1. Can you pull out every residue in the stretch 87-99 that is within 14 Å of residue 13 (Cα to Cα) and without any contact (Cβ under 8 Å) to a residue 12 or more places away in the chain?
2. Residue 65: exposed (fewer than 11 other Cβ atoms within 10 Å of the Cβ), modelled with pLDDT of 90 or more and farther than 21 Å from residue 23 by Cβ, yes or no?
3. Do we have residue 48 as part of a loop (DSSP other than H, G, I, E, B) and either modelled with pLDDT of 80 or more or under 16 Å from the mean Cα position of the chain (by Cα) (or both) here?
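The values are calculated or read from the model by the stated rules, or taken from the named source; none is laboratory data. If you're wondering where the values come from, they're calculated on a predicted model, not measured in any experiment. So basically every Cβ, Gly included, is an ideal-geometry build from the backbone, and we count neighbours across all protein chains shown.
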């Protein structure tokens with residue numbers, strides 16, 4: 001009775017949760033960019049994808065903060081920013097749960 005490589009139901013559920021919250025976060029992030037770009041001058045619009053010297057993701061953290069700040073300024077009573085934080089927390093919790101499951105499986109002899 002060794003490891004057969006099959007994915008169990010808990011792993012499948014964790015993957016589906018992770019994928020669902022990731023897609024939701026991606027969609028909401030781009031919705032925020034559309035909403036901000038609709039209300040700012042053309043010269044100060046935020047690009048959806050920025051190819052910089054450091055690569056595709058080099059300035060992503062800075063852009064996320066800029067999008068969040070501008071969205072809060074333009075739409076102060078919107079729940080969308082809180083939804084993005086909830087999605088990020090859910091993604092993090094799901095990833096931690098998956099790692100904890102793997103550690104538990106390894107320590108209990110279910111993984112080689």
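1. Of all residues in the stretch 87-99, those within 14 Å of residue 13 (Cα to Cα) come to 90-91, 93-99.
Residues satisfying the conditions are 93, 96, 99.
2. no
3. yes
One line per residue, one yes/no per condition, for (1) modelled with pLDDT under 85; (2) surrounded by fewer than 11 Cβ atoms within 10 Å (Cβ to Cβ); (3) not in a loop (DSSP other than H, G, I, E, B):
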site: 17; (1), (2), (3): no, no, yes
site: 29; (1), (2), (3): no, no, yes
site: 61; (1), (2), (3): yes, yes, yes
site: 69; (1), (2), (3): no, no, yes
site: 76; (1), (2), (3): no, yes, no
site: 82; (1), (2), (3): no, yes, yes
site: 89; (1), (2), (3): no, no, yes
site: 104; (1), (2), (3): no, no, yes
